[in-house]
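Remarks on the structure that follows.
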Amino acid sequence: MNTVVPRTGAEENGADPLVDLAQRLLKEIGEDPDRDGLRQTPERFARWWREFIDYDPGTIDTLFETTTTSQMVVVSDIRVWSLCEHHLLPFNCSVDIAYRPTHRLLGLSKFARVAHRHAHRLQVQERLVADIAQEVADITETQDVAVIAKGEHLCMTMRGIKASAEMTSTAFLGAFGDDSALRSELFALLRS
C-alpha cells in the first residue's frame, strides 16, 4: 500500500509544491523554466507524479466459482512501469502470474490491476514480484502462486554502466516453491 505523505501548507493555498520543485530542478541543471518549451513543464511534471503515485487500479477482487482445483492458470506478459526507489528512474517489467485455484477464480483483468497497483510506487523489482504474489494468494485464497518478472531498469541503462540488460525476479509460493515438476510445467508453458 502506498504511504500517504502529509501535504504542505503551500498546497492549502492551491499551489502544488512539486511545481516549485520542478522549477528548481530545471534551474539547477542550467535550464530556464520560463523559456517556450519549458513554460508548462513544471505543471506537467507535478501532474504526472500525482497521477502515477495516486493510481487507482479499481476493483481487484472479482472472483468466480471453479469446478476444478488441479488446473494451472497463467496470465503472461502483463506490462507495467515502476520507479526505482534508489534512483527515481523508471523500470518496466513483463510480469507473468500463475496460480492453482482452489474454489475461486480471479477475473482475468484483475491480474493486471494487481500488478499495476504494486508497480505504481517507488519500488524494487524483487519486492514487486513478492507483493503481487502475496496479494493474488490473499485474494484467491490459495497459496499456490508464482510470479515471474523480467525488467529493464533505466538506472542501469541510462547511468552507471550504461548497458541494457534484463533482470528476472521470481516469487514462488506454496506448491510452486515445493514442486519442481510444477515449476517446470510453468516454464514450459511460458516458453511455448
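The values are calculated or read from the model by the stated rules, or taken from the named source; none is laboratory data. These figures come from a predicted structure and were not determined experimentally. Quick reminder, even Gly has a Cβ in these numbers, built from the backbone with ideal geometry, and neighbours come from all protein chains shown. Heads up: the accessible areas ignore ligands, DNA and RNA and are worked out on the full protein's heavy atoms, side chains in. Shrake-Rupley method; radii C 1.70, N 1.55, O 1.52, S 1.80 Å.
State which residue is farthest from residue 119 (Cα to Cα) when the search covers only region 36-69 and only residues that are hydrophobic (A, V, I, L, M, F, W, C) and exposed (fewer than 14 other Cβ atoms within 10 Å of the Cβ).
Pass one, region 36-69, residues hydrophobic (A, V, I, L, M, F, W, C): 38, 45-46, 48-49, 52-53, 60, 63-64.
Applying the additional criterion that residues be exposed (fewer than 14 other Cβ atoms within 10 Å of the Cβ) yields 48, 64.
Details: 48: 15, 64: 25 Å.
Step by step, filter region 36-69, then rank; the result is 64.
Of the residues making up region 144-171, those that are closer than 17 Å to residue 111 by Cβ and open to solvent by 60 Å² or more (accessible area, probe 1.4 Å) number 2. Of the strands (runs of 3 or more DSSP E) lying entirely inside region 87-166, those containing at least 3 residues that are more than 28 Å from residue 69 (Cα to Cα) and in contact (Cβ under 8 Å) with a residue 40 or more places away in the chain are 90-99, 145-153.
Mind listing whichever residues of region 64-82 are part of a strand (DSSP E or B), closer than 19 Å to residue 134 by Cβ and touching an Asp or Glu at 6+ places or on another chain (Cβ under 9 Å)? First the steps, then the outcome.
Going through region 64-82, the residues part of a strand (DSSP E or B) turn out to be 64-65, 73-82.
Next, from what is left, pick out any that are closer than 19 Å to residue 134 by Cβ: 73-75, 78, 80, 82.
The answer is 74, 75, 78.
Listed here are the residues, each with its yes/no results for (1) surrounded by 14 or more Cβ atoms within 10 Å (Cβ to Cβ); (2) closer than 15 Å to residue 151 by Cα.
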site	(1), (2)
71	no, no
82	yes, yes
95	yes, yes
111	yes, no
115	yes, yes
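Set side by side, the residues 188, 181 differ, and just one is among the small types (Gly, Ala, Ser), closer than 19 Å to residue 69 by Cα and not in a loop (DSSP other than H, G, I, E, B), which is 181.
Which residues, taken from region 15-30, are surrounded by 13 or more Cβ atoms within 10 Å (Cβ to Cβ) and either touching a residue at least 40 places away in the same chain (Cβ under 8 Å) or assigned to a helix (DSSP H, G or I) (or both)? Even if it seems obvious, please write down each step before you answer.
Within region 15-30, the first condition is being surrounded by 13 or more Cβ atoms within 10 Å (Cβ to Cβ), and the residues that meet it are 15-23, 25-26.
Within region 15-30, 17, 18, 19, 20, 21, 22, 23, 25, 26 meet the criteria.
Among the numbered conditions (1) surrounded by fewer than 16 Cβ atoms within 10 Å (Cβ to Cβ); (2) at pLDDT 95 or above; (3) in a loop (DSSP other than H, G, I, E, B); (4) not charged (D, E, K, R), the only one that residue 33 does not meet is (1).
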